[in-house]
1. Taking N as the number of residues in the range 1-111, what is its Cα Rg relative to 2.2 N^0.38 Å?
2. Of all DSSP beta bridges located in the chain, what percent are antiparallel, nearest 5?
3. So if R0 is 35 Å, what FRET efficiency would residue 35 and residue 73 give, r being the distance between their Cβ atoms, rounded to the nearest 0.05?
4. Taking 8 Å as the Cα distance limit and 6 or more residues as the minimum spacing, I'd like the relative contact order of the chain as a percentage.
5. Rounded, prolate or oblate: pick one for the range 36-191, where a ≥ b ≥ c are the square roots of the eigenvalues of its C-alpha gyration tensor, a/c under 1.5 means rounded, and failing that, prolate if a/b is larger than b/c, else oblate.
6. Any idea what angle helix 5-15 forms with the longest principal axis of the chain, computed on alpha-carbon atoms, 0 to 90 degrees, nearest 10?
7. Subtract the Cα-Cα distance of residue 100 and residue 177 from 0.36 nm times their separation in residues, and report this length gain in nm to one decimal.
8. On a full-extension model of 0.36 nm per residue, what is the gain between residue 50 and residue 90, subtracting their alpha-carbon distance, rounded to one decimal in nm?
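Just so it is clear, none of the values below were taken in a lab; they were calculated from the coordinates. Quick caveat, the model's predicted, so the values are computed rather than measured. Backbone-built Cβ (ideal geometry, glycine too); neighbour counts: all protein chains shown.
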């Protein structure tokens, strides 16, 4: 895929604007223009060292899996129940799996890392619930065993925004140093 973020925004503004389909995070889906590029044009752009990203053709990937699966699912747990959730990675469109300058994406990295480490359970925030759908697709494509998932509610700051390391919010170690008990942390997470 060769479109920059600016080119994507401009294309969407010209053609679909607010009606353009969006992923579960609200980001506009990648336009399918690159899929129509002839192989010769792709080779030329790569030879000219144009910036690019590798995107997973989610439609083709799900079609490839459809023959062997009645549906793609993941197991989500709560303190009181376990349930099978139908994953719908198509909602994400053609996700990035690698960039020219970064050899992997979050989705691909966590799918491979969890499998290599033998992770059986993933505990993470509710904000990553929908991302599980893409990771399940990658796990199936790569023949990896899926872990079980537990998505906890987010801890919010006084302003109602989720706490985040990128905003230098308080981490678990700082909470513990401040005297917050393990039971208090569990209560904040809804455990």
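1. Values: Rg = 16.8 Å, N = 111, 2.2 N^0.38 = 13.2 Å.
Normalised Rg, Cα atoms only: 1.27.
2. Working: 10 of 16 bridges.
The answer is about 60 percent antiparallel.
3. Details: r = 28 Å, r/R0 = 0.79.
Here the calculated transfer efficiency is 0.80.
4. Numbers: 212 pairs, mean separation 35.8, N = 191.
Value for the chain: 19 percent.
5. On the way: a/c = 2.68, a/b = 1.57, b/c = 1.71.
Note, shape of the range 36-191 comes out oblate.
6. 70
7. Values: separation 77, 0.36 × 77 = 27.72 nm, distance 4.12 nm.
Full extension from residue 100 to residue 177 adds 23.6 nm.
8. Working: separation 40, 0.36 × 40 = 14.40 nm, distance 2.75 nm.
Roughly 11.6 nm would be gained on extension.
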